[in-house]
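Asker: Before anything else, here's the structure in question.
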């Protein structure tokens, strides 16, 4: 697992993708701290990593990154950790447009061309 606090390149992300899944990188984003963890086989492991760094669970959202796809398909909002009924999120996606936009902003800040 790798904590991303400063930008990495898309080329680095592609190399990381080849470590486990080949075409995707699982990622958990902390929307409050504007950091993320990548390079694990399960979002739950990345979530625990951030919780151990004192992130708040309500701030953590799981996504998948597809470094070889166009920018409009680069982020997939899909993870079991996103099922949070108390936050009115009843699916693996991210129901809140505001949170999706915040996640995209953080990802675009931390993954550069």
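Asker: Quick one: count up the residues across the range 82-96 that are surrounded by 17 or more Cβ atoms within 10 Å (Cβ to Cβ) and part of a helix (DSSP H, G or I).
Answerer: The total comes to 1.
Asker: With the requirement that a residue be assigned to a strand (DSSP E or B) and over 20 Å from residue 93 (Cα atoms), what does the range 1-56 give you? Working first, answer last.
Answerer: Filtering the range 1-56 down to residues assigned to a strand (DSSP E or B) leaves 2-4, 8-9, 25-30, 35-38.
Scanning the range 1-56 gives 2, 3, 4, 8, 9.
Asker: Let me ask something else about it. Please specify each residue of the range 6-29 satisfying the condition of being in contact with a strand residue (DSSP E or B) (Cβ under 6 Å, 6 or more places away or on another chain) and without any contact (Cβ under 8 Å) to a residue 40 or more places away in the chain.
Answerer: Of everything in the range 6-29, just one residue is in contact with a strand residue (DSSP E or B) (Cβ under 6 Å, 6 or more places away or on another chain) and without any contact (Cβ under 8 Å) to a residue 40 or more places away in the chain, namely 16.
Asker: For residue 78, indicate whether it is outside any strand (DSSP E or B), on the phi > 0 side of the Ramachandran plot and free of Cβ contacts under 8 Å to residues at least 40 places away in the same chain. Let's see the steps before the verdict.
Answerer: Working: outside any strand (DSSP E or B): yes; on the phi > 0 side of the Ramachandran plot: no; free of Cβ contacts under 8 Å to residues at least 40 places away in the same chain: yes.
No: the conditions fail for residue 78.
Asker: Out of the range 97-113, which residues are surrounded by 16 or more Cβ atoms within 10 Å (Cβ to Cβ) and either out of contact with any helix residue (DSSP H, G or I) (no Cβ under 8 Å at 6 or more places or on another chain) or without any contact (Cβ under 8 Å) to a residue 12 or more places away in the chain (or both)? Write out each step before concluding.
Answerer: As a first pass, look at the range 97-113 and keep what is surrounded by 16 or more Cβ atoms within 10 Å (Cβ to Cβ): 99-100, 102-104, 106-107, 110-111.
Result: 99, 100, 102, 103, 104, 106, 107, 110.
Asker: Run residue 39 past the list (1) surrounded by 13 or more Cβ atoms within 10 Å (Cβ to Cβ); (2) at negative phi and report the number of the one that doesn't hold.
Answerer: Unmet for residue 39, out of (1) surrounded by 13 or more Cβ atoms within 10 Å (Cβ to Cβ); (2) at negative phi: (2).
Asker: Would you be able to tell me the number of residues in the range 51-61 that are farther than 23 Å from residue 97 by Cα, touching a residue at least 40 places away in the same chain (Cβ under 8 Å) and surrounded by 14 or more Cβ atoms within 10 Å (Cβ to Cβ)? Before the answer, list the steps.
Answerer: Taking the range 51-61 as the starting set, the residues that turn out to be farther than 23 Å from residue 97 by Cα are 51-54.
Within this subset, residues satisfying the condition of being touching a residue at least 40 places away in the same chain (Cβ under 8 Å) are 53.
Narrowing the set further to residues that are surrounded by 14 or more Cβ atoms within 10 Å (Cβ to Cβ) leaves none.
Residues meeting the conditions: 0.
Asker: Another question, then. Of the numbered conditions (1) modelled with pLDDT of 95 or more; (2) surrounded by fewer than 12 Cβ atoms within 10 Å (Cβ to Cβ), residue 74 satisfies every one except a single condition; which is it?
Answerer: (2)
The values are calculated or read from the model by the stated rules, or taken from the named source; none is laboratory data. Predicted, not measured: the structure shown is a model, and the values here were computed from it. Positions of Cβ are backbone-derived with ideal geometry, glycine not excepted, and every protein chain shown enters the neighbour counts.
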